Structure formats: structure tokens, C-alpha cells
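What follows is a set of notes on a single structure, which appears directly below.
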Amino acid sequence: MGHQTVIKRISLLLLLSLCWAACTGGAVIDGSQVESGTATVQVTTRTPTTSKSRLAKEGETPVAATPTAAAVHPETEIQKSPTLTPTAPGESHPSTSFEKITANNATQLTQFSEIRFDPWDLVVSLAWSPDGKTIALSSGGSVHLYDVGDLEPLASLNIGAFTHSLAFSSDGNLLAAGSRDGFMRVWILTDLVGSDCSAHPIMTAEAHKKGINALVFSPSDGLLATGGNDAVARLWDIDTGENIETMIGGTFTVPAIAFSPDGSVLAVVNGGVVRLREKGTESIVGSFLSETPLYSIAFSPDGDILAVGDINNQIRLWGPDDAFRTGVDQYPDPVILSGHNGADGTFSALIWDLDFNPKGELLASAGGDGTIRLWDITNGESLTTLTGHERGVTCVGFSPDGRILASGSLDGTVRLWGIEP
């Protein structure tokens with residue numbers, strides 16, 4: 001067995017052990033005790049090489065934050081990705097050629113294309129640009145950008161660490177990545193795929209000392225939230241590079257976070273608890289309790305449903321308005337969706353990721369059992385099970401128009417699913 005193969009297998013085991021620790025209590029990460037509290041944050045904000053930063057308002061000079069300390073981080077390199085090819089090179093699959101995925105036709109979903117990386121370059125996160133033209137993928141120690149129309153690679157960013165979370169800003173101008181090395185990186189998208197490519201993020205921050213598990217842009221004001229293995233969630237002002245809020249997640253690591261659709265509340269997962277934090281005050285405005293540790297989370301587009309995946313094949317649905325708070329006698333009971341069948345007590349029982357379709361009637365779940373399930377939210381019915389991945393499915397996401405479903409897996413592949421008319 002070659003030296004490189006051994007290293008990759010060790011990396012796989014490390015990733016899985018970190019994910020397991022994050023959702024089952026997270027008492028020890030990298031051999032050290034998880035600490036709650038404020039971590040030292042190191043920030044560098046770079047002005048992009050384009051003539052004017054998109055972070056600045058019209059007529060204003062871009063703001064550059066002064067680093068609180070000299071930031072030490074791996075340099076990010078950008079290059080084309082010639083070694084990554086879709087299963088049907090050159091064949092165009094524009095989103096508009098597919099039907100919108102609904103509860104009535106979900107059983108007709110089939111895989112129409114695949115992007116295959118090296119088997120040990122595990123795919124752990126994906127994100128769609130708001131216009132649906134670009135998809136960002138995290139595989140191994142790199143982040144890749146693809147044109148969805150023809151599945152041609154646009155760029156490859158060498159991060160040097162697993163990137164557990166990717167997010168586009170609501171206007172599509174920015175791409176953010178949260179990685180295992182604890183650094184959050186933010187780029188202007190046109191700097192990456194345009195003619196004047198820049199390898200440098202406009203913002204780099206050591207956001208969490210023990211690694212980032214999740215990050216998400218606020219839909220209302222462009223602020224960026226992160227959650228990490230240090231048991232806290234943080235809120236960032238991208239314009240200034242400042243950490244403007246720090247929310248103690250609880251006793252355990254924070255494996256997942258989600259903003260409400262109006263951006264007023266940040267839901268923070270911590271052990272078997274979901275806490276709803278009011279943005280601006282950090283106050284807990286509600287909470288939910290599970291007897292099983294939780295791992296993934298998503299709000300429905302209308303904000304009426306909060307879906308949370310656990311470590312034992314189940315998904316819980318709660319109404320945010322029903323959350324436990326002052327004046328409420330007891331925690332509300334969830335609607336439980338059961339169907340994934342990974343072996344109990346193993347990584348294959350994780351519900352890695354959840355995503356609602358744009359209409360909010362369907363929920364897609366990524367299971368450690370290697371399947372994707374689609375659920376009818378109106379009645380809790382499992383409509384269909386998508387198979388094909390050879391290992392656990394770690395990420396899933398509907399395209400913004402609801403016509404394509406993308407899934408990524410520990411088998412090193414990204415699969416695209418659609419319904420042909």
C-alpha cells in the first residue's frame with residue numbers, strides 16, 4: 001500500500017471520527033477538551049484585484065479591516081481542474097430542460113450526470129449559486145466550481161483541509177468556505193471565474209480554533225454566521241471583517257446552524273438541543289429538545305418548519321412558533337420521519353444534511369446509509385429513495401429553480417438528479 005493511500009485513509013478515519021464526536025457529545029476533539037467561550041480571532045481582509053470591491057456601495061471606497069494579529073493560514077491557490085470530468089463530457093444539461101421536482105413527480109427522479117473525484121477525495125459539502133448557474137463542491141482538500149449548464153470545471157481552490165461547509169451570499173457575489181483548519185475564507189465569485197482571476201480571498205479569518213462545521217449567510221443583510229468545534233457560533237460583518245456576535249452553543253460542539261428565512265433568528269444545534277438565537281441581541285427566543293443527539297438542520301422557505309436530522313436515522317420536524325420558551329409548560333413533541341436504515345451507533349446512521357425544495361413541500365435528506373430520501377412535508381410520507389452512491393451521502397441541495405437535486409458522498413462523487421419531460 002502506497003504512502004499516499006495510507007495518508008488518505010487516515011484522513012478519512014479522522015474526518016469520520018470528528019463528525020461523530022461533533023454530534024455525539026464532542027467532549028474531545030483532536031485529543032483536547034472542547035472549550036466554551038471566545039476564541040482568539042485573527043482576520044485579514046484583502047481588497048480584490050478588480051477595480052472596485054463588490055463589498056463597497058456605489059461610490060464608496062472598499063473597507064479593509066486591520067488584522068488583530070498576524071494571520072497564519074495556508075495560501076489558497078486557484079487553477080483550472082483538468083483532472084475532473086463529468087460522466088458525459090461536453091454534454092449540456094441546462095436546468096430548464098427538466099421538470100420542477102414536486103411531490104407528484106418525485107418518484108420519477110433519475111440520475112442524469114455525475115462528477116467523479118479520486119475515491120479518497122471525499123465530497124463533504126456543496127452549494128448552489130442563487131442564479132443556479134454555478135455549483136460549488138468540496139472534495140478532499142479543495143473547493144471546485146462548476147458551470148451547471150455543461151458541467152465544465154470553472155476553477156479549483158486548494159484549501160489544504162476538509163471544507164465542511166460552503167455558502168453563497170444571497171446576491172450571488174460572494175462564496176464562503178468553512179474548513180477543518182478553523183479558517184473561514186470569502187471570495188468574490190467573479191474573481192474566481194472571470195478573466196482576471198485572483199487567488200486571494202477578500203477575507204480570511206481564524207473563526208474557530210478547533211475547526212468549522214457550518215457557515216451560512218444571513219438572507220437579510222449579508223452577515224455570515226459560523227459554527228465550530230469550540231462549542232460556539234459566531235456572526236461576522238464581511239464589510240469590516242469583525243466578529244460582531246459570539247453565541248455560546250452549549251456544552252458540545254456545534255455541527256449545524258441555520259438562519260430563519262427573514263434572517264432574524266439563528267438556529268444553533270448543540271448535542272440534543274436546538275436553540276433559537278435572536279440576531280442582534282443573542283437572546284434565546286426558543287428551544288427544542290431531542291433524546292438523541294442532532295447533526296443537521298434546515299428551515300423551510302416560509303419559516304414554518306424546522307427540520308433537524310439526528311445520529312440515528314431520523315428527522316424531526318418542529319414549528320418554530322411552538323418552541324419552548326418562557327411561559328410554555330413543556331418542550332413540544334416533533335413529527336418524526338423514519339426511513340433511513342444505517343446501522344445504529346455507526347457513522348452510517350447519521351443524517352448528514354437536509355434541504356427543502358424552493359416551494360417547501362419536499363424535504364431531501366442525505367443519509368449515512370448511502371441513500372437520499374425525499375419526503376412529502378404535508379403528510380410525512382417518504383416518496384422515493386435515490387440510490388447509487390457507494391458510501392454515505394454527506395450533502396444534498398435543490399437548485400434554486402427546483403429542477404435539479406445534487407448530492408455528494410464519501411465515495412468521492414457528486415450526482416445530479418432530474419426529471420426529464
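The table below gives the values:
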read-out	value
3J(HN,Hα) from dihedral phi, segment 371-384, Karplus parametrisation 6.51/-1.76/1.60, rounded to Hz, x for glycine, proline	10, 10, 10, 10, 10, 7, 5, 5, 9, x, 7, 7, 7, 7
Ordering of 282-288, 361-367 by burial proxy (mean other Cβ atoms within 10 Å per residue, highest first)	361-367, 282-288
Given charges at Cβ of Lys, Arg, Asp, Glu: segment 263-341 dipole, positive-most of Ile315, Tyr295, Gly327	Tyr295
Which listed pairs, of Lys209/Lys279; Lys210/Lys359; Lys133/Lys210, have C-alpha distances above 28 Å, in listed order	Lys210/Lys359; Lys133/Lys210
Computed lengthening from Asp401 to Arg325, 0.36 nm per intervening residue step minus Cα-Cα distance	23.8 nm
Sequence-separation-based contact order of segment 253-403, relative, with Cα cut under 8 Å and 6+ spacing, percent	15 percent
Ordering of 393-402, 162-171, 113-122 by burial proxy (mean other Cβ atoms within 10 Å per residue, highest first)	393-402, 162-171, 113-122
Net charge over other residues, Cβ less than 13 angstrom from the Cβ of Pro421 (K, R count +1; D, E count -1)	0
Dipole magnitude (debye, nearest 20) for segment 128-274, charges at Cβ of Lys, Arg, Asp, Glu	600 debye
Long-range amide H partners of Ser165 with built H, under 5 Å	Gly178
Sites Thr240 and Glu381 - FRET efficiency at Förster radius 56 Å, r taken between beta-carbons, to 0.05	0.75
Karplus-derived HN-Hα couplings along segment 217-231 (A = 6.51, B = -1.76, C = 1.60, θ = phi - 60°), whole Hz, x at Gly and Pro	7, 6, x, 9, 9, x, 5, 10, 10, 10, x, x, 6, 8, 6
Anisotropy class of segment 108-186 from Cα gyration tensor, a/c 1.5 cut	oblate
Segment 169-285, relative contact order [Cα under 8 Å, separation at least 6], %	17 percent
Leu383, Leu294 arranged by Cβ crowding within 10 Å, fewest neighbours leading	Leu383, Leu294
Chain lengthening between Asp147 and Thr346 when straightened (0.36 nm per residue, less Cα-Cα)	68.1 nm
Segment 302-313 - phi-based ³J(HN,Hα) in whole Hz, Karplus 6.51/-1.76/1.60, Gly and Pro as x	8, x, 7, 10, 10, 9, 9, x, 10, 9, 9, 6
Nitroxide proxy distance, nm - points 7 Å out along Cα→Cβ at Ile284 and Asp221	2.3 nm
For peptides 404-413, 123-132, sequence by mean Cβ density within 10 Å, most packed first	404-413, 123-132
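No lab work stands behind these numbers, since they all come straight from the coordinates. The structure displayed is predicted, hence computed values, not measured ones. For neighbour counting, all protein chains shown are included, and Cβ atoms are generated from backbone atoms with ideal geometry for every residue, glycine included.
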